[in-house]
1. Please enumerate the residues belonging to region 40-84 that are surrounded by fewer than 21 Cβ atoms within 10 Å (Cβ to Cβ), touching a residue at least 24 places away in the same chain (Cβ under 8 Å) and of a type in the set (D, E, K, R).
2. Cβ contacts < 9 Å: first residue of a type in the set (Ser, Thr, Tyr), restricted to region 156-183; second residue surrounded by fewer than 18 Cβ atoms within 10 Å (Cβ to Cβ), any location; separation 6+ or different chain. Result?
3. So for region 246-256 (the condition being outside any strand (DSSP E or B) and β-branched (Val, Ile, Thr)), does at least one residue qualify?
4. Going by the structure shown, is Leu231 under 20 Å from Cys138 (Cα atoms), in the same structural domain as Leu143 (by TED's automatic domain parsing), surrounded by 18 or more Cβ atoms within 10 Å (Cβ to Cβ) and of a type in the set (A, V, I, L, M, F, W, C)?
5. Kindly evaluate Gly230 against the criterion of being assigned to a strand (DSSP E or B), in contact (Cβ under 8 Å) with a residue 12 or more places away in the chain, touching a helix residue (DSSP H, G or I) at 6+ places or on another chain (Cβ under 9 Å) and of a type outside the set (A, V, I, L, M, F, W, C).
6. Glu187 versus (1) surrounded by 14 or more Cβ atoms within 10 Å (Cβ to Cβ); (2) at pLDDT 95 or above: which is the lone unmet condition?
7. Is one or more of the residues making up region 201-222 out of contact with any Gly (no Cβ under 9 Å at 6 or more places or on another chain), modelled with pLDDT of 95 or more and assigned by TED's automatic domain parsing to the domain that holds Asp97?
8. Conditions: (1) farther than 22 Å from Ala115 by Cβ; (2) part of a strand (DSSP E or B). Glu194 meets all but one. Number of the miss?
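The values are calculated or read from the model by the stated rules, or taken from the named source; none is laboratory data. Note that the structure is predicted; figures quoted are calculated from it, not measured. A quick note on method: Cβ atoms are made from the backbone with ideal geometry, for glycine too, and the neighbour counts reach across all protein chains shown.
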Amino acid sequence: MRIHDALRMSSIPPPEAEVLLSTALGKDRTWLIAHGEDDLPADKQAAFQAFVSRRRRGEPVAYIMGVQEFFGRPFSVNPHVLIPRPSTEGLVSLAMDILRVPHDETQEIDRGIVAVAKMLKQHIRATIVADIGTGSGCIAGTLACEMPDLRVMAVDLSKEALEVASENARRLKVADRIRFMQGNLLEPLRQISEPFLVVSNPPYIPEGHTLPRDVAGFEPAGALFAGKDGLSVLQMLMKQARRHPFCIGVVLECQEDQVSALLE
């Protein structure tokens, strides 16, 4: 079977088929398109068909490949962590702006989704960022790469998620500036006595909300849903931030219609 025939017969969207076949072959998509008439080795065909079968069952392409790009860098992912999304790149960009010039701001980063910055202490700059619910570590790792003088604390309840985040930090060569801590929200940060900024993409989807099959069936529910109105984690995180004597502010991802209840 030739490469272009394998793509044509895959019965999944062409861009997804190209990504999966590129992964099976260990080549990029440009090579794939240029070599469409080449014969596909039997072992590569079998690997591609296995990938296609997984995708037909709804498994996200990122989990099949084991990687997702975020802020121009590859991050390893598996079903223990959310797949990084382009909207969260907007959260990171706002966080970097706030670190440079602290101020309150709300930015739309996707349809109905916003990044909210709220300063709790004025005229104080953070020396540390706390990435709460770090998951794959895409926020912590990106901030460490983009701001070389920054120290980062990455917190997650999940041991498995922290293992993924730690591996990503090592691969990006920023593990020496990120401290990984297991625990709930700001509880592991009780002893911090330096000004820090919370940055978080916490669970904020209301329970019962219908999600696409490849999200609902494969990504960790605990990182998605947060009570009847989606506010349970956000409000607890905000409450703990206000109480911590060294938390200067928060930068959070949430739904646009949650902002007023979050900041009240």
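1. Arg56, Glu59, Arg73
2. So the pair list comes out as Ser158/Gln182; Ser158/Pro220; Ser158/Gly222.
3. no
4. On the way: under 20 Å from Cys138 (Cα atoms): no; in the same structural domain as Leu143 (by TED's automatic domain parsing): yes; surrounded by 18 or more Cβ atoms within 10 Å (Cβ to Cβ): yes; of a type in the set (A, V, I, L, M, F, W, C): yes.
For Leu231, the condition - under 20 Å from Cys138 (Cα atoms), in the same structural domain as Leu143 (by TED's automatic domain parsing), surrounded by 18 or more Cβ atoms within 10 Å (Cβ to Cβ) and of a type in the set (A, V, I, L, M, F, W, C) - is not met.
5. No, not satisfied.
6. Evaluating Glu187 over (1) surrounded by 14 or more Cβ atoms within 10 Å (Cβ to Cβ); (2) at pLDDT 95 or above leaves (1) as the failure.
7. There is no residue in region 201-222 that is out of contact with any Gly (no Cβ under 9 Å at 6 or more places or on another chain), modelled with pLDDT of 95 or more and assigned by TED's automatic domain parsing to the domain that holds Asp97.
8. Checking Glu194 against (1) farther than 22 Å from Ala115 by Cβ; (2) part of a strand (DSSP E or B), the one that fails is (2).
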